Amino acid sequence: NKMKEAYNFANEKPVKYICDSCWWLFGQLPEQIPRDYCRGNFECMLQYQLDMIKDHYKRGWNDCMEPILSPWYGTGVLPSGFGQKVAYKDGMDPAVEMRNDIDEAFVKEMKLPDPYKDGQMPMVLETIDYFREHCDLDINLTDLQGPLSSAFNLVGYENFIYWMYDEPSLVHELM
């Protein structure tokens, strides 16, 4: 495939990748996004992503796009496992609802989430299972973000920044 050739420097010309079959919603026309897309309707998510992939190929791009599916539930999947609530708004990616009541006790009492029980994690796993049962395309990981952005989503940017100075051991424990 073209992407593998690019990584192996097998092409004399640079390859291009046109990212028009995205699973995230930012940048999409809100009226074209199905209301149930990120709300646990696996068929809706699968069909929306397949339609976008088909549209990409219909446009005739000569690029190195590889069709891939993603169990997309925004960037708050990991924080939701730690108890953060996620807001679902029509035509938008799900987002973490920031709390103002986060304190040291929250950090000290945190437990590792159970991916089969906590937050959006079970829905991500169920989506992967559904995609596997109904399609043979590769499946991407959900967007888990990195440790720093997850920490920001758990305790808030301001708390985290202040704690870096005032409570470095608490930040260390959080990370």
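Rule-based calculations on the coordinates, nothing more; no lab input. No experiment lies behind these values; they were computed from the predicted model shown. All Cβ positions, even for glycine, are placed from backbone atoms using ideal geometry, and neighbour counts span all protein chains on display.
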| Semi-axes, largest first, in whole Å: what does sqrt of 5 times each Cα gyration tensor eigenvalue give for the stretch 7-106? | 33, 19, 11
| query | Based on DSSP H runs of at least 4 residues, each adding -39500 (n - 2.57), what is the mean residue ellipticity at 222 nm of the chain after dividing by all its residues, to the nearest 500 deg cm²/dmol? | reply | -12000 deg cm²/dmol
| said: If packing is taken as the average count of other Cβ atoms within 10 Å, what order do 63-70, 88-95 fall into, highest mean first? | reply: 63-70, 88-95
| query | Magnitude of the Cβ-charge dipole of the chain, K/R +1 and D/E -1, about the Cα centre, nearest 20 debye? | reply | 520 debye
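Over the stretch 71-157, what relative contact order in percent results from Cα pairs under 8 Å that are six or more residues apart?
Numbers: 108 pairs, mean separation 38.7, N = 87.
That works out to 44 percent.
Please list the equivalent ellipsoid semi-axes of the chain, computed as the square roots of five times the alpha-carbon gyration tensor eigenvalues, in descending order and whole angstrom.
On the way: eigenvalues 237, 83, 45 Å².
Semi-axes (√(5λ), whole Å): 34, 20, 15.
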| note | Under 5 Å from the placed amide H of E97, counting only residues 5+ away or on other chains, we find K85, V86, A87
| Along each principal axis, Cα extent of the stretch 117-175, largest first, Å | 51, 21, 16
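Calculate the all-directions average of the projected area of the stretch 12-62's alpha-carbon convex hull, and give it in nm². Provide the component values of the computation, followed by the final result.
Working: hull surface 17.6 nm².
Result: 4.4 nm².
What is the magnitude of the charge dipole of the stretch 6-77 about its Cα centre, with +1 placed on the Cβ of each Lys and Arg, -1 on the Cβ of each Asp and Glu, and no other charges, expressed in debye to the nearest 20?
Working: 7 positive and 9 negative charges, 13 e Å.
Once rounded to the nearest 20, the dipole reads 60 debye.
What do you get when you divide the Cα radius of gyration of the stretch 75-170 by 2.2 N^0.38 Å, with N the number of residues?
Taking N as the residue count of the stretch 75-170, the ratio is 1.24.
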| message | In whole Hz and in residue order, list the ³J(HN,Hα) couplings for the stretch 98-104 that follow from phi through the Karplus curve 6.51 cos²θ - 1.76 cosθ + 1.60, θ = phi - 60°; x for Gly and Pro. | response | 5, 9, 9, 9, 6, 9, 4
